[in-house]
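*Asks:* One structure, pasted below without further comment.
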Amino acid sequence: MDPSLYDRGVRELRGPDAALVEASPCPVCDARRVRPRFEIEGLVGRIVVCVECGLGRLAPLPTDAEIAALYPSAYYGATGQKFEGPVEAVVRLVGARHVRFLARGLPAGARVLDLGCGRGVLLAALADRGLEVHGVEMNADAAHGADPRAEIRIAPRLRDAEYPAAFFDEVIVWHVLEHLRDPRGTLEEIRRILRPGGRLVLAVPNFSSAQARWAGAAWFHLDVPRHLYHFPVSALRRLLGRTGYRCESEHHFSLRQNPFGWVQSALNRYTELPRNGLYVLLHRRQGDEPPPYDARTRRRLRLAYRLGLPIGIALCGAETILRSGATVHLIARAEGPSQT
C-alpha cells in the first residue's frame with residue numbers, strides 16, 4: 001500500500017480565507033454561495049460548504065482522468081482482501097451481519113445492484129442467499145476475479161451501464177456516492193432503474209456528525225481527494241426527496257467504521273505522525289512489499305490502536321444514541337412510477 005494515497009495534509013481555513021464566494025450550483029439545493037472550509041495539500045481545489053444546505057464539496061472538481069488516477073489497483077486490495085489477517089477477519093465477521101441486513105425482506109430471485117462493487121465480495125454473499133446479483137464498477141481491474149454469479153458491467157457512470165427501467169428490487173450505494181462527480185444524476189438514474197417501491201440502501205460519511213465536528217481537518221472520513229462530496233444527514237435527506245425517494249429509516253451505528261474513525265482522527269491531530277498512518281499500516285501488503293514507516297512509528301501506531309479502539313467503541317455507542325454517527329446509512333423507497 002502506497003502511503004501517499006492517504007497522507008495529503010488538510011488545513012482548516014479561517015478569517016479572510018473563509019470568506020463567502022460564488023461557486024457552481026449546489027447539487028442538493030442549487031444555491032451558489034459557499035464558504036471555503038478546508039485547503040488540501042497539493043491541490044488547487046478546496047472543500048467548500050454550501051451556506052444553504054451544508055453540503056461540502058471539492059471545488060473545482062477533478063477531471064475524469066484525475067479521478068481515475070486516484071484509484072490504483074492497490075486501493076482495492078488483492079483478491080478483495082484489503083487488510084492484514086486479524087483485521088480482515090473482524091471486517092468479514094461484521095460484514096456477515098451487513099449482508100443479512102441488506103438481504104432482509106427480499107424474496108429469492110430478487111434483483112440487486114451494487115454500485116461500485118469492486119471485486120464483488122458483497123455480491124457473492126448475496127448470491128449465496130438466492131438473490132440475482134449485478135454490479136457496476138468503473139475500473140475493470142477492480143472487478144477482476146469477481147464471483148461468476150455476479151453480472152458486472154464496467155462503465156464510467158451508472159447511466160452508461162444502460163439498465164432498463166424498473167429493473168431492480170434493490171440498489172446498494174455503500175460509501176460510493178461521495179466519490180461520484182454527479183450524485184444527483186446518479187440518484188435520478190437509480191430511481192429510473194428501481195421498480196416502484198424498490199429499495200435504495202445508501203451509506204455515506206456524516207459531515208454533520210460529532211466525530212466530524214470534533215476532528216475538523218483531522219477527520220479520517222474526509223479521505224481527500226477521493227471524496228468529492230461531504231454530506232450532512234439533512235442535505236442527504238433533502239437530495240433523496242428531490243430525486244424521488246421516501247426515506248424509510250436512518251441508521252447511525254457502524255462497528256466496522258465508526259470506532260476506527262475516532263482512533264485515526266485522533267492520531268491525525270498529531271502532526272508528528274503520518275496522516276492516516278494507522279489505516280495504511282493495517283492494509284495487507286503484497287509479496288515482499290516492505291512495511292511502511294520506521295519501526296518506532298509502527299510501534300506507536302499499533303499501541304494507539306490497541307489502547308484507542310475500546311474508547312472508539314464506547315464513543316461509537318454514544319454517537320449512535322445521539323443519532324450523530326460518523327457514518328450513516330439510510331433506507332429509502334422509490335416513490336411513484338419509474339421515470340423513463
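The values are calculated or read from the model by the stated rules, or taken from the named source; none is laboratory data. Keep in mind the model is a prediction, meaning the values are calculated, not measured. Ideal geometry is used to build each Cβ from the backbone, glycine not excepted, and the neighbour counts take in all protein chains shown.
*Asks:* Out of Tyr229, Tyr163, I need the residue that is of a type in the set (Phe, Trp, Tyr) and closer than 24 Å to Asn276 by Cα. Which one?
*Replies:* Tyr229
*Asks:* Sticking with this one: I'd like to know if the stretch 155-162 contains one or more residues that are within 18 Å of the chain's Cα centre (by Cα) and part of a helix (DSSP H, G or I).
*Replies:* Yes, there is a match, as at least one residue in the stretch 155-162 is within 18 Å of the chain's Cα centre (by Cα) and part of a helix (DSSP H, G or I).
*Asks:* Restricting to the stretch 123-162, give me the number of residues that are in contact with a His (Cβ under 8 Å, 6 or more places away or on another chain) and not small (Gly, Ala, Ser).
*Replies:* Residues flagged as in contact with a His (Cβ under 8 Å, 6 or more places away or on another chain) and not small (Gly, Ala, Ser) within the stretch 123-162 amount to 4.
*Asks:* Can you tell me which residues in the stretch 260-286 are out of contact with any Leu (no Cβ under 6 Å at 6 or more places or on another chain), free of Cβ contacts under 8 Å to residues at least 60 places away in the same chain and either under 30 Å from Gly198 (Cα atoms) or surrounded by fewer than 22 Cβ atoms within 10 Å (Cβ to Cβ) (or both)?
*Replies:* Listed by number, the residues that qualify are Ala266, Arg269, Tyr270, Thr271, Glu272.
*Asks:* For the stretch 16-30, how many residues are among the aliphatic types (A, V, I, L, M) and surrounded by 15 or more Cβ atoms within 10 Å (Cβ to Cβ)?
*Replies:* Total satisfying the criteria: 3.
*Asks:* Looking at Glu248, Glu289, which is the one that is in contact with a strand residue (DSSP E or B) (Cβ under 9 Å, 6 or more places away or on another chain), loosely packed, with under 14 Cβ neighbours inside 10 Å and among the charged types (D, E, K, R)?
*Replies:* Of Glu248, Glu289, the one residue that is in contact with a strand residue (DSSP E or B) (Cβ under 9 Å, 6 or more places away or on another chain), loosely packed, with under 14 Cβ neighbours inside 10 Å and among the charged types (D, E, K, R) is Glu248.
*Asks:* Scan Tyr279, Tyr245 and give me the residue that is modelled with pLDDT under 95 and of a type outside the set (S, T, N, Q).
*Replies:* On inspection, the qualifying residue turns out to be Tyr279.
*Asks:* Ok, one more. Restricting to the stretch 260-291, and then to whatever is in a loop (DSSP other than H, G, I, E, B) and in contact with a Ser or Thr (Cβ under 8 Å, 6 or more places away or on another chain), can you tell me which residue is farthest from Cys26 (Cα to Cα)?
*Replies:* It comes out as Leu273.
*Asks:* For the stretch 224-238, name all the residues that are out of contact with any strand residue (DSSP E or B) (no Cβ under 8 Å at 6 or more places or on another chain) and surrounded by 18 or more Cβ atoms within 10 Å (Cβ to Cβ). Before you say what the answer is, go through the steps one by one.
*Replies:* Residues of the stretch 224-238 that are out of contact with any strand residue (DSSP E or B) (no Cβ under 8 Å at 6 or more places or on another chain), as a first pass: 226, 234, 238.
Scanning the stretch 224-238 gives a single hit, Arg238.
*Asks:* In addition: Looking at the stretch 288-340, which of its residues are more than 23 Å from the chain's Cα centre (by Cα), of a type in the set (D, E, K, R) and farther than 12 Å from Phe260 by Cα?
*Replies:* Within the stretch 288-340, Asp288, Glu289, Asp294, Arg296, Arg298, Arg299, Arg300, Arg302, Glu335 meet the criteria.
*Asks:* Just wondering, is there one or more residues in the stretch 157-168 that are surrounded by fewer than 17 Cβ atoms within 10 Å (Cβ to Cβ), closer than 30 Å to Pro3 by Cα and not acidic (Asp, Glu)?
*Replies:* Looking through the stretch 157-168, at least one residue is surrounded by fewer than 17 Cβ atoms within 10 Å (Cβ to Cβ), closer than 30 Å to Pro3 by Cα and not acidic (Asp, Glu).
*Asks:* Only one of (1) under 24 Å from Thr320 (Cα atoms); (2) touching a helix residue (DSSP H, G or I) at 6+ places or on another chain (Cβ under 7 Å) is not met by Trp214, so which one is it?
*Replies:* (2)
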